[in-house]
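Undergrad: Sending over a structure as structure tokens; questions will come in a sec.
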Amino acid sequence: MSLDRLPSIAAAIRAAMLECDPHKKVMAARRVARDWRLGRLAYDFDVMMPDQPGRPEAPELLPPNRMPKRGKAGSERGRIALWHALAHIEFVAIDLALDMAGRFGAGMNAAFVGDFLSVAADEAMHFALLDRHLRTLGSHYGALPAHAGLWTAAHDTRHDVAARLAVVPMVLEARGLDVTPTTLERVRAAGDESGALILERILDDEIRHVRIGATHFADVAKRLDVVTETLWKTLVSRYFRGTLKPPFNDSARLAAGLSRELYAGVA
Ligand SMILES: [Fe+2]
Ligand SMILES: [Fe+2]
């Protein structure tokens, strides 16, 4: 079979993004990553990515100020709310990584596509682990309302790969590196060892995700012939609606290729 007869990578990514059912999206994201790795998809961008990915009917998405209180940290209700919120973040992260590869892959290169598809496969696994954990607690993804704002960053940066890289992996995923160790400690202190192991795995993988983002961002800056740090600060102040606040997990950030000079100056 000649290369141009293979299905296009863009069509495969688009189909995974449009999948509404969480389990099917997990399978589709992992399949597209594997098919790409095995050379079964052509480096061809013949279709556009959707502006809104497919979503299941539940969870109901609410603006942050309408989210119900999580309940006391140690309570059963509080625990379920925590895992549900984490599962939702990972569910959206699947589409964020797919969209990165499918929307910007044509203007970048095959290594970029492969990197972000491997991220999508990780996010799919993170979601599956968290949903399974929720089920051991007698709940499941969709049982509670979830945060509506997580796709905003993708929408705001849909026209510019540098802006997308600056905000999604290098701000939002990096934020995960800062907050996960505290959650992990709390979960372990509560005696939830299987939950702690899931969070350890996620933290490890997220360091790699941030590093992938930072590496490709540096490549873009080089191509534009601008200083990486300057470009990042400009784009973050333009496109990131929140604030960067300490405490930072400096060692995890350093392992991910983010220097202290970079983010300390913005905080
Ligand atoms: Fe993740
Ligand atoms: Fe991630």
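Read-outs throughout are calculated quantities, based only on the coordinates presented, and are distinct from any laboratory measurement. Keep in mind that what you see is a predicted model, and the values were worked out from it rather than measured. Note: ideal-geometry Cβ built from the backbone for every residue, glycine included; neighbour counts use all protein chains shown.
Undergrad: Per residue of segment 174-189, what does 6.51 cos²θ - 1.76 cosθ + 1.60 with θ = phi - 60° give for ³J(HN,Hα)? Whole Hz please, x for Gly and Pro, Karplus curve as stated.
TA: 5, 4, x, 5, 6, 8, 5, x, 5, 4, 4, 4, 5, 5, 5, 4
Undergrad: Step through the residues of segment 137-149 one at a time and calculate ³J(HN,Hα) from phi using the Karplus curve (6.51 cos²θ - 1.76 cosθ + 1.60, θ = phi - 60°), rounding each to whole Hz and writing x for Gly and Pro.
TA: After applying 6.51 cos²θ - 1.76 cosθ + 1.60, I find 8, x, 10, 6, 5, x, 6, 10, x, 9, 5, 7, x Hz.
Undergrad: Can you pull out the trypsin sites (Lys or Arg not before Pro) in segment 113-185 that DSSP calls coil and that have at most 15 other Cβ atoms within 10 Å?
TA: ARG158
Undergrad: For a label point 7 angstrom out from the Cα of ALA218 toward its Cβ, which stretches of segment 247-266 have the backbone nitrogen within less than 17 Å?
TA: 251-264
Undergrad: At a temperature of 20 °C and a viscosity of 1.002 mPa s, determine how fast the chain diffuses translationally according to Stokes-Einstein, using the Kirkwood radius over alpha-carbon pairs as Rh; express D in µm²/s, rounded to the nearest whole number.
TA: 112 µm²/s
Undergrad: Work out, step by step, the length gained on full extension between ARG132 and MET48: first 0.36 nm times the residue separation, then minus their alpha carbon distance; give nm to one decimal.
TA: Between ARG132 and MET48, full extension yields 27.0 nm more.
Undergrad: Considering the Cα trace of segment 157-267, what is its radius of gyration and what is Dmax, both in angstroms?
TA: 14.9, 51
Undergrad: Can you report the principal axis dimensions of segment 25-70 using only the alpha carbons, biggest first, rounded to whole angstrom?
TA: Its Cα atoms span 47, 21, 16 Å along the three principal axes.
Undergrad: May I pose another question? Order of THR157, THR230, THR215 from fewest to most other C-beta atoms within 10 Å?
TA: So the residues, fewest neighbours to most, are THR230, THR215, THR157.
Undergrad: So, counting K/R as plus one and D/E as minus one, what does the shell of residues with Cβ under 15 Å around ASN249 add up to?
TA: Combined, the nearby Lys, Arg, Asp and Glu give -2.
Undergrad: Label points 7 Å out from Cα along the Cβ direction at GLU185 and ALA143: separation in nm?
TA: Going by the 7 Å Cα→Cβ label model, 2.8 nm.
Undergrad: Now for a separate question. Cα-based Rg of segment 1-118 per 2.2 N^0.38 Å, rounded to two decimals?
TA: Normalised by 2.2 N^0.38 Å, the Cα Rg of segment 1-118 equals 1.28.
Undergrad: So if I place +1 on the C-beta of Lys and Arg and -1 on the C-beta of Asp and Glu, and nothing else carries charge, what would the dipole magnitude of segment 157-267 be about its Cα centre? I want it in debye, nearest 20.
TA: For this selection, approximately 440 debye.
Undergrad: Right, here's the next one. Do any trypsin sites (Lys or Arg not before Pro) in segment 179-267 lie in a loop, going by DSSP, with at most 10 other beta-carbon atoms within 10 Å of their beta carbon, and if so which?
TA: Hits after loop and neighbour filter: ARG241.
Undergrad: Separate question: For SER194 and SER251, calculate 0.36 nm times their separation in residues minus their Cα-Cα distance, and state this gained length in nm to one decimal.
TA: Result: 18.1 nm gained on full extension.
Undergrad: By counting other Cβ atoms within 10 Å of each Cβ, how are VAL179, VAL119, VAL168, VAL236 ranked from fewest to most?
TA: VAL179, VAL236, VAL168, VAL119
Undergrad: Among THR152, ALA162, ALA12, which residue has its Cα positioned farthest towards the positive end of the charge dipole of the chain, with +1 placed on the Cβ of Lys and Arg, -1 on the Cβ of Asp and Glu, and the dipole taken about the Cα centre?
TA: The one lying farthest along the dipole's positive direction is THR152.
Undergrad: Which far-off residues, 5 or more places away or on another chain, put their amide H under 5 Å from the one on LEU62, with H placed in the peptide plane?
TA: Distant-sequence amide H within range of LEU62: ALA146, HIS147, ALA148.
Undergrad: Stokes-Einstein at 4 °C, 1.567 mPa s, Kirkwood radius from Cα pairs: D for segment 52-141 in µm² s⁻¹?
TA: Roughly 89 µm²/s, to the nearest whole number.
Undergrad: Under the rule of at least 5 residues apart or a separate chain, name every residue whose amide H is placed under 5 Å from the amide H of GLY54.
TA: LEU18, GLU19
Undergrad: If amide H atoms are built 1.01 Å from N in the plane of the peptide, which residues on other chains or at least 5 residues away come under 5 Å of the amide H of ALA42?
TA: SER8, ILE9
Undergrad: When only Cα pairs under 8 Å and 6 or more residues apart are kept, what is the percent relative contact order across the chain?
TA: 18 percent
Undergrad: Output ³J(HN,Hα) for segment 245-253: one whole-Hz value per residue in order, computed from phi by the Karplus curve 6.51 cos²θ - 1.76 cosθ + 1.60 with θ = phi - 60°, and x for Gly and Pro.
TA: Once rounded to whole Hz, the list reads 10, x, x, 9, 8, 4, 6, 5, 5.
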